[in-house]
Amino acid sequence: MNVQMILLRFGELTLKGKNRSRFENQVLQHAKYMLRSFPRLHFIKTYGRIYIELNGEPYEQVAAALGKVFGLSSFSPVHKAEPNLASIRETALQAVRELPNRPKTFKVSVRRADKHFPHSSQELNGLIGGYVLRHMNGLKVDVHRPDVDLRVEIREEGVFVYSEVVPGLGGYPFGSSGKAMLMLSGGIDSPVAGWLGMKRGLVIEAVHFHSFPYTSERAQQKVVDLTRQLAGYTNGIKLHMVPFTEIQTKLRGGSRDNLLITLMRRAMFRITEKLAEKHDALAIVTGESLGQVASQTLSNMYTINQVVRMPILRPLITMDKTEIIRIAEMIETYPISILPYEDCCTLFVPKNPTTNPSLRVVERIESRLEWLSDEIDKAVEHTETEWISQDTPGTHDELF
Ligand code: ATP
Ligand code: MG
């Protein structure tokens, strides 16, 4: 038996009234975009519900695409029955049989919007439930906490039967929270941070610092691939490639080796903020996690943070590595992140980076680097921007 429709559920419980309908419309718009390769789908809004009619499109593939839509809390495959008891019973039985996990207990909840139907809701619960029980060994009824709630809706336009609830990604509609710059390295953390930002409604533009020729073409390709993977949740992502070789080599020439990382990261944040201003973004997202490495102690974050005024969003700040890796695996950035090619920071890491830099000392050192502000401007000026998407590059620029 085929699934004919999908019932969509949206958003957070706190949403009310106008906000809810705006939220739904935004998610719906994005869902339509994400499902663009299924031309026969038909979206219907009725009685406060939103359904997709499959019209012969394959359920499994459509469901996989829905699994990448932010703001969708869950969805259910819907089986359509004929408006007679025999068809409803048979459809209900099939729906329970097709569940991915065989339930031990169930209940039937009938809603009869079409009052012409010859049985009451109460009677139908018994008539349908009894039929399913007779045909499935070991299944029991539990009206309080059933494994499966088999829902039957009798409407004028048809009878809908559904029970499976497939969890969606949740989060906010794509792009509903404004734009931020993601500092994207080739590592495990920053793609996850970017994805979590997107899930919360951010449009992100990625900023990557490279030290070509010290870092290879392949290291750059890895960042392009990570961006493309994230772009699978959107129509595409802008990737800004910042030439960082000059600044890094000049900083390394300085005497305070243990402050190198702190100085480098201050330069990175300054450049990222300038790029953010240029591209109308209001925040910076990083993959930092408190205490994970020397440069991510509170003291270092404090010292590095001083150079920017924009909010810095750190979605991973309190997460453990195992939690981060779990998300990286789910969004399939992990296999790309663990490819061995080095990014700029790995190459220039000093032996003993300080975990407790003095802001005063750092500022004093920088004040003597008379080349620094020019080099920062130059890096911004020579940044190369690419549009990365899973389709042909550049096809959806007009949406931004
Ligand atoms: P990641 O796994 O994201 O590389 P990390 O644990 O290696 O993070 P760091 O190297 O200290 O930690 O980097 C902290 C954050 O700084 C990264 O998550 C990323 O947001 C940013 N960052 C580091 N290197 C780069 C780079 N080459 N280009 C852009 N951003 C970078
Ligand atoms: Mg890294």
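The values are calculated or read from the model by the stated rules, or taken from the named source; none is laboratory data. Quick caveat: nothing in here was measured; it's all calculated off a predicted structure. Cβ atoms come from the backbone with ideal geometry, glycine included; neighbour counts cover every protein chain shown. The area values use the complete protein model at the heavy-atom level, side chains included, leaving out ligands, DNA and RNA. Shrake-Rupley method; radii C 1.70, N 1.55, O 1.52, S 1.80 Å.
Annotations for the structure displayed:
- A search for C-beta distances below 6 Å between a residue of segment 313-332 that is farther than 16 Å from LYS68 by Cβ and any residue that is near ligand 1 (Cβ under 10 Å from one of its atoms) and in a helix (DSSP H, G or I), counting only pairs 6+ apart in sequence or on different chains, returns PRO315/ALA193; LEU316/ASP189; LEU316/ALA193; LEU316/ILE324; ILE324/ASP189; ILE324/VAL192.
- Of all residues in segment 172-188, those that are in contact (Cβ under 8 Å) with a residue 12 or more places away in the chain have Cβ atoms under 9 Å from Cβ atoms of residues that are assigned to a strand (DSSP E or B) and open to solvent by 30 Å² or more (accessible area, probe 1.4 Å), 6 or more apart or on another chain, in ALA180/LEU313.
- Selection of segment 189-220 for residues being in contact (Cβ under 8 Å) with a residue 60 or more places away in the chain, closer than 15 Å to LEU339 by Cβ and more than 8 Å from ligand 1 (Cβ to nearest atom) yields THR215, SER216, ARG218, ALA219.
- Residue in segment 134-155 that is open to solvent by 10 Å² or more (accessible area, probe 1.4 Å), touching a residue at least 40 places away in the same chain (Cβ under 8 Å) and within 16 Å of ligand 2 (Cβ to nearest atom) present: no
- Checking each residue in segment 99-113 for being open to solvent by 80 Å² or more (accessible area, probe 1.4 Å) and of a type in the set (D, E, K, R) picks out ARG102, LYS104, ARG111.
- Looking only at residues of segment 45-96 that are without any contact (Cβ under 8 Å) to a residue 60 or more places away in the chain and open to solvent by less than 30 Å² (accessible area, probe 1.4 Å), we find that the one that is nearest to VAL110 (Cα to Cα) is LEU93.
- Single unsatisfied condition, PHE70 versus (1) part of a loop (DSSP other than H, G, I, E, B); (2) closer than 24 Å to ARG134 by Cα; (3) not hydroxyl-bearing (Ser, Thr, Tyr): (2)
- Any hit, segment 15-35, residues being open to solvent by 70 Å² or more (accessible area, probe 1.4 Å), under 22 Å from TYR162 (Cα atoms) and either touching a Cys at 6+ places or on another chain (Cβ under 9 Å) or assigned to a loop (DSSP other than H, G, I, E, B) (or both): no
- Some residue of segment 161-178 being open to solvent by less than 20 Å² (accessible area, probe 1.4 Å) and within 14 Å of ligand 1 (Cβ to nearest atom): no
- Within segment 296-320, being assigned to a helix (DSSP H, G or I) and open to solvent by 80 Å² or more (accessible area, probe 1.4 Å) holds for LEU298, TYR302.
- In segment 157-268, counting only helices (runs of 4 or more DSSP H) that sit wholly within it, the ones holding 2 or more residues that are over 21 Å from VAL380 (Cβ atoms) and either within 16 Å of ligand 2 (Cβ to nearest atom) or of a type in the set (Lys, Arg) (or both) span 189-199, 217-231.
- Scan segment 252-277 for residues that are more than 27 Å from ILE204 (Cβ to Cβ) and within 14 Å of ligand 1 (Cβ to nearest atom) and the total you get is 1.
- Subset of segment 269-295 [modelled with pLDDT of 95 or more and part of a helix (DSSP H, G or I)]: PHE269, ARG270, ILE271, THR272, GLU273, LYS274, LEU275, ALA276, GLU277, LYS278
- Leading residue by the ranking (nearest to GLU157 (Cα to Cα)) among those in segment 114-133 that are surrounded by 16 or more Cβ atoms within 10 Å (Cβ to Cβ) and not hydrophobic (A, V, I, L, M, F, W, C): HIS119
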